[in-house]
1. Taking C166 and the conditions (1) touching a residue at least 24 places away in the same chain (Cβ under 8 Å); (2) open to solvent by less than 70 Å² (accessible area, probe 1.4 Å); (3) of a type outside the set (V, I, T), which numbered condition does it fall short on, given that it satisfies the others?
2. Of everything in region 195-231 that's of a type in the set (S, T, N, Q) and open to solvent by 100 Å² or more (accessible area, probe 1.4 Å), which residue is nearest to the chain's Cα centre (by Cα)?
3. Examine region 141-154 for a residue that is closer than 30 Å to R19 by Cα and either surrounded by 16 or more Cβ atoms within 10 Å (Cβ to Cβ) or aromatic (F, W, Y) (or both), and state whether such a residue exists.
4. Does N150 fit the bill of being free of Cβ contacts under 8 Å to residues at least 60 places away in the same chain, assigned to a helix (DSSP H, G or I) and of a type in the set (S, T, N, Q)?
5. Can you say whether G69 is in contact with an Asp or Glu (Cβ under 6 Å, 6 or more places away or on another chain), surrounded by 11 or more Cβ atoms within 10 Å (Cβ to Cβ), at pLDDT 90 or above and of a type outside the set (A, V, I, L, M, F, W, C), as far as the supplied structure shows?
6. In region 84-116, what count of residues is obtained for those that are surrounded by 24 or more Cβ atoms within 10 Å (Cβ to Cβ) and assigned to a helix (DSSP H, G or I)?
7. For region 206-233: of the residues being in contact with a helix residue (DSSP H, G or I) (Cβ under 8 Å, 6 or more places away or on another chain) and part of a loop (DSSP other than H, G, I, E, B), which is nearest to V152 (Cα to Cα)?
8. Checking the conditions here, which among D60, D97 is within 24 Å of the chain's Cα centre (by Cα), under 30 Å from F192 (Cβ atoms) and not aliphatic (A, V, I, L, M)?
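The values are calculated or read from the model by the stated rules, or taken from the named source; none is laboratory data. Worth saying up front: this structure is predicted, and the values here are computed from it rather than measured. No Cβ is skipped: glycine too gets one built from the backbone with ideal geometry, and neighbour counts run over all protein chains shown. These accessible areas exclude ligands, DNA and RNA; they are computed on the full protein's heavy atoms, side chains included. Shrake-Rupley method; radii C 1.70, N 1.55, O 1.52, S 1.80 Å.
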Amino acid sequence: MQATLTSVVEAFHDLPEARPLCCGITAHLVDPSHIEPARALRFDRHDRLSRARHSGWYADEGQFEILTGFVYACADEPNDEDDDPPATYYALVESNDTDCHYLDPDAYDDPVTAAHAADRMAELIAELERECDTIRNRAARARSELAEANRVRGEALAILRHVRACPADAQSLGPAFARLWKQGLAGRRRAFRIIDDNRPPPRSRRFDPQHTATRDECLADAWRDGWDCGASA
């Protein structure tokens, strides 16, 4: 970073400390109140500067949330009215669905370089978020399938208990018992197949908000969140 570039502290207000993220970048996690620049010249989407053929990256399996790279241009006060002020460019990633945005702590003296950096940040963050969303959805589906299979098995067992108490009803209730029992077994097989194919290894250490989670820990947390959601489905 050149000495003539505006520092991130001077260009933006009340920034939280930049920290490494498990997707492989270091960024300030900011909300809109943090990213009002002190000296903003303009605010451009990455593809308008770099001529990329896309405007953003899907951050969820359902393709609802989009992360998009933007570039802030900031400037120092000019020393001479006839001179253009030196420009400083910052890469920012914004979500169209949440207030959680990401600001690159590095400054750039070229807008296209900053645009590429913003787009790459958006791609890396979105890639991990999509993976977590997929894991979360698989876990919710597995638990929902298992709960439904156990409910059906419960109905089958209720018929079995009734038949044991009233053997005369065995012939009329037998087909219903067989159907429900097979349905329950099939549901359990589907649920355990999803678990076997998608469940990541559990966390090796407890969650700590002061510690930056690893990629594997993010996936483990996503599975646990989805599993808990599946309980209420």
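1. For C166, the exception is condition (1).
2. Within region 195-231, the match that is nearest to the chain's Cα centre (by Cα) is Q210.
3. So far as region 141-154 goes, no, none of its residues is closer than 30 Å to R19 by Cα and either surrounded by 16 or more Cβ atoms within 10 Å (Cβ to Cβ) or aromatic (F, W, Y) (or both).
4. In short, yes.
5. Judged against the criteria, G69 is a match.
6. 2
7. A233
8. When all the criteria are applied, what remains is D60.
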